[in-house]
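Accompanying notes for the structure given below.
What follows draws every value from the coordinates through simple rules; no lab data is involved. Bear in mind that the values here come from a model prediction, so they are computed numbers and not experimental data. Note that each Cβ is placed from the backbone with ideal geometry, even for glycine, and that neighbours are counted across all protein chains shown.
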Amino acid sequence: MSYTDLLREDARLVLLRTLSELPARRGNSSVLLSIMDSQYGHAVSRDYVKTELRWLEEQGLVKIEVAGSVLVATLTERGEDVAGGRARVDGVKRPGA
């Protein structure tokens, strides 16, 4: 596995875990971008965050709504299980791994 793949898997886990800590398990792509950079050291673009949120949606881990120029992501039950390490999805880092 490449370094880029490892970073992508970690970023996906960070997105899920962040959503699990937000009120109503919901957040927009702009806020998620800020949290990823300031708290987790992932200096990525808005497009990167949106692309990863869409990927998480394809896996059934989040639901997405479009609100103007941002995506609003809501964590699904399955996404909460993956964030907590109770379920596994290839392409998302396991917590503590």
Of Glu80, Glu52, Glu21, which is the most mobile in a GNM of the chain whose springs link Cα atoms less than 10 angstrom apart?
Glu21
Give me the number: length gained by fully extending Glu58 to Arg88, i.e. 0.36 nm times residue separation minus the C-alpha to C-alpha distance, one decimal in nm.
9.3 nm
Rounded FRET efficiency, nearest 0.05, which uses the C-beta distance separating Glu77 from Tyr3 and R0 of 25 Å
0.20
Fewest to most neighbouring Cβ within 10 Å: what's the order for Thr4, Thr18, Thr51?
Thr4, Thr51, Thr18
Find how many whole Å separate the alpha carbon centroid of the stretch 28-57 from the alpha carbon centroid of the stretch 74-88.
18
Could you sort 40-48, 68-76 so that the peptide with the highest average Cβ count within 10 Å comes first and the rest follow in order?
68-76, 40-48
Evaluated at q = 0.16, 0.22 Å⁻¹: base-10 log I(q)/I(0), Debye formula over Cα of the chain
-0.57, -1.14
